[in-house]
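Remarks on the structure that follows.
Where a number appears in this text, it was derived from the coordinates with a stated rule and is not lab data. Here the structure is a predicted model, which is why all the values come from computation and not from measurement. Positions of Cβ are backbone-derived with ideal geometry, glycine not excepted, and every protein chain shown enters the neighbour counts.
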Amino acid sequence: MSFSSMEVQIVQMLNSYPVLDPFMVFLSVVGEGPLWILIGSYLYLSGSKRAAVYFGLMLLSVWIAATVLKSWLMVPRPEDVRFVLETSGYSMPSIHSGMAFATAMFLHPIAGKIKFLLWAGAILMAFSRVFAGVHYPSDVIAGAVLGVVMGFLWIRMELYTNVYLQKREDSD
């Protein structure tokens, strides 16, 4: 059995439980934008204006990187499956997974007791994309890796900026 046929079998297996459709559709739809807007708004309104800006820039960078990779890799979406959601374009990497894992990574240092929920939510969002028949497992894994890397880079960027600004304030 080849890797690609195994992936097709995984998609078909996960995709065969219509009772979960409403939950999986919810996870996918919230990953289109509402969740990210809520998180960014919360960061902004809770007094973390700089973190909110970095969060928005991080999401934008994930979206751009994933879009460029999709057009470069040109991996087609699954075929011959029950499509729970309609989508178009190429498949790898999953932008939903990238944004979910970038968010989990970016918020991890400040999440306190909800760290587990962030990572569980990212995993569920990635799972929902395979369940919906719009991604192969490798697509969501690639999106997750992209997201973790981008989340980490933006954490470092935010820390660097904070240190730089603090040094400027101290010298003034």
**Message:** As an exercise, use a Förster radius of 35 Å and the Cβ-Cβ distance of Ile114 and Met157 to find the FRET efficiency, rounded to the nearest 0.05.
**Reply:** 0.95
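For Ser4 and Val145, calculate 0.36 nm times their separation in residues minus their Cα-Cα distance, and state this gained length in nm to one decimal.
Extra length from Ser4 to Val145 when fully extended: 48.8 nm.
Please work out the FRET efficiency for the pair Leu57 and Phe23, using the Cβ-Cβ distance as r and a Förster radius of 35 Å; give the result to the nearest 0.05. Spell out each step's value before the answer.
Details: r = 31 Å, r/R0 = 0.88.
Efficiency, rounded to the nearest 0.05: 0.70.
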**Prompt:** In the set (i) 49, 47, 27; (ii) 65, 33, 25; (iii) 45, 31, 30, which value of Cα extents along the principal axes in Å was calculated from the structure you see?
**Reply:** (ii)
**Complete:** Most exposed to least, judged by fewest other Cβ atoms within 10 Å, Arg129, Arg77, Arg50 sort to Arg50, Arg77, Arg129
**Request:** Identify which of Val19, Val134, Val11 has the largest mean-square fluctuation in a Gaussian network model of the chain, with springs joining Cα atoms closer than 10 Å.
**Result:** Val19
